[in-house]
Amino acid sequence: MPSTFVIAQGGGPTAVINQTMAGAVLEIRRRHPKARILGSRHGVRGIRDGDYVDLTDIAEEQLLRIAATPSAALGSTRDKPDAAYCDVILEGLKKADAQAFIYIGGNDTAGTQQILSDAAQGSIAFVHAPKTIDNDLEENDHVPGFISAAEFVAGAFLSVDLDFRALPGIYVGIVMGRHAGFLTAAAAAWRQDDDDGPHLVYVPERAFSVPRFIDDVKASLARHRRCVVAVSEGVTTEDGRALVESIVPADKLERDAHGNIKLSGSDLPRAFEQALAEGLPGKRARVDALGYMPRGYIGAVNAVDAQEAFDAGAFAVEAADKGGGSVALKYENGKTVIRLVPLANVAGKTRHMPDDFMLKDTNHLSEKGMDYLRRLVPGHFNIGRPFV
């Protein structure tokens, strides 16, 4: 049985990622009371650098307070280790005398665990515990972190739609999601009828056209006197390029440390502002990027999301005892259950929003898509209907 566990957090923080860490720590104590538990600071960088916090004896009360706090308490990283980097990580784990490594994160994190597992050849148990607001992990019905972020997005768009009923105009809200549209679609989760916003939903799974967008907005204005739009930062044009890449000159694009186009920067809002100014001159319009706010907003930590994240962490310890793999949340017989699946089924793969979640040839969610979102993010506000 493992005598030393290493736990790390990778990728973007969420509202409930610390629940997974706490669930794992408390389950290790229950199953392996003599085990040492090391938390690696800033993901695999901490393993590389030997930078750990000892979680073995941290008071349970303090641990549970951390669990209820958004962000990644151990610190995170965007590092995407290649084989050479993974060799260094493996040496770091051996130096720490680790028999199990639980890494909490998304598909890139699962990919790192797959490389490490292949290289270690069974000497260490590698477990991937799921986390992402994008909800884009294969083998999962939904992923810890998504429900809380989706609740923020649903509430934000309900609120802004009420605002624009009072002062009609055009509102475009840009939501995180490079390749999958689940979080953007969540903007429609609390719609009550066809007059409610968002009136248009644009996701990466559907090609985006600026002229068609302007026509869609015009039609919405004619019908509702206002137009509330939810658009994913990852929308692409017919040629497969990111929208911002198609509009902004190459030498003006913002890029991150890896050279990727910064979808969450200022270029995309400017592109939409320009498109609206040219296509609908004189119309009152506002473009906002929700940015990082949905992923770790302390005012929208969903209780179900928190419990599932905690349970996923506890299950990760059981997975380590079985030799490793990826923890997955399934939906079976009307309830969420946790299962262990092979790392290869999740590593480096992207789950896209199903095509039938959107109505064909439209920018509206289907009943199937709405049913999925309402199951995860049921509305809980008792609001009146405006007079306008």
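Computed values, structure above
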| read-out | value |
| --- | --- |
| Number of the exception - GLU91 against (1) touching a residue at least 24 places away in the same chain (Cβ under 8 Å); (2) not hydrophobic (A, V, I, L, M, F, W, C); (3) not in a loop (DSSP other than H, G, I, E, B) | (1) |
| The range 315-343, subset in a helix (DSSP H, G or I) and open to solvent by less than 20 Å² (accessible area, probe 1.4 Å), residue farthest from ALA67 (Cα to Cα) | LEU343 |
| Strands (runs of 3 or more DSSP E) contained in the range 104-217 and holding at least 2 residues under 21 Å from ALA271 (Cβ atoms), within 14 Å of the chain's Cα centre (by Cα) and of a type in the set (Asp, Glu) | none |
| Tally, over the range 344-368, of residues that are of a type in the set (Lys, Arg) and crowded, with 16+ Cβ neighbours inside 10 Å | 1 |
| Answer residue from the range 84-108, given it is at pLDDT below 95 and over 14 Å from ARG48 (Cβ atoms) and is surrounded by the fewest Cβ atoms within 10 Å (Cβ to Cβ) among those | ASP108 |
| Hey, ALA73 surrounded by fewer than 24 Cβ atoms within 10 Å (Cβ to Cβ), in contact with a strand residue (DSSP E or B) (Cβ under 8 Å, 6 or more places away or on another chain) and small (Gly, Ala, Ser) or not | yes |
| Strands (runs of 3 or more DSSP E) fully within the range 1-77 counting 2 or more residues that are at pLDDT below 95 | none |
| Candidate set from the range 253-290 (those that are open to solvent by 60 Å² or more (accessible area, probe 1.4 Å) and assigned to a helix (DSSP H, G or I)); member that is modelled with the lowest pLDDT | ARG270 |
| Residue match in the range 114-131 (condition: open to solvent by 10 Å² or more (accessible area, probe 1.4 Å) and closer than 29 Å to MET370 by Cβ) | yes |
| Search result, residues across the range 1-28 that are touching a Ser or Thr at 6+ places or on another chain (Cβ under 8 Å), farther than 19 Å from PRO81 by Cβ and open to solvent by 10 Å² or more (accessible area, probe 1.4 Å) | PRO13 |
| Criterion (among the hydrophobic types (A, V, I, L, M, F, W, C) and within 30 Å of ASP355 (Cα to Cα)) met by exactly one of PHE101, PHE146 | PHE146 |
| Search result, residues across the range 54-68 that are surrounded by fewer than 20 Cβ atoms within 10 Å (Cβ to Cβ) and farther than 18 Å from ASP311 by Cβ | ASP54, THR56, ASP57, ILE58, ALA59, GLU61, GLN62, ARG65 |
| In the range 144-177, the residues that are more than 22 Å from ARG286 (Cα to Cα) and either modelled with pLDDT under 95 or among the hydroxyl-bearing types (Ser, Thr, Tyr) (or both) | SER148 |
| Selected residue [touching a Pro at 6+ places or on another chain (Cβ under 7 Å), touching a residue at least 24 places away in the same chain (Cβ under 8 Å) and either open to solvent by 20 Å² or more (accessible area, probe 1.4 Å) or under 27 Å from ASP305 (Cα atoms) (or both)] from VAL143, VAL231, VAL160, VAL210 | VAL143 |
| Odd one out for ASP193, checked against (1) touching a residue at least 24 places away in the same chain (Cβ under 8 Å); (2) over 21 Å from HIS352 (Cβ atoms); (3) among the acidic types (Asp, Glu) | (1) |
| Pairs where the first residue, in the range 352-374, is among the small types (Gly, Ala, Ser) and the second is surrounded by fewer than 16 Cβ atoms within 10 Å (Cβ to Cβ) and in a helix (DSSP H, G or I), C-beta under 8 Å, 6+ apart | SER366/ASP356; GLY369/ASP356 |
| Qualifying residue in the range 35-53 (condition: in contact with a Pro (Cβ under 7 Å, 6 or more places away or on another chain), open to solvent by less than 30 Å² (accessible area, probe 1.4 Å) and not charged (D, E, K, R)) | yes |
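The values are calculated or read from the model by the stated rules, or taken from the named source; none is laboratory data. Quick caveat: nothing in here was measured; it's all calculated off a predicted structure. Backbone-built Cβ (ideal geometry, glycine too); neighbour counts: all protein chains shown. The accessibility values were calculated without ligands, DNA or RNA, using every heavy atom of the protein model including side chains. Shrake-Rupley method; radii C 1.70, N 1.55, O 1.52, S 1.80 Å.
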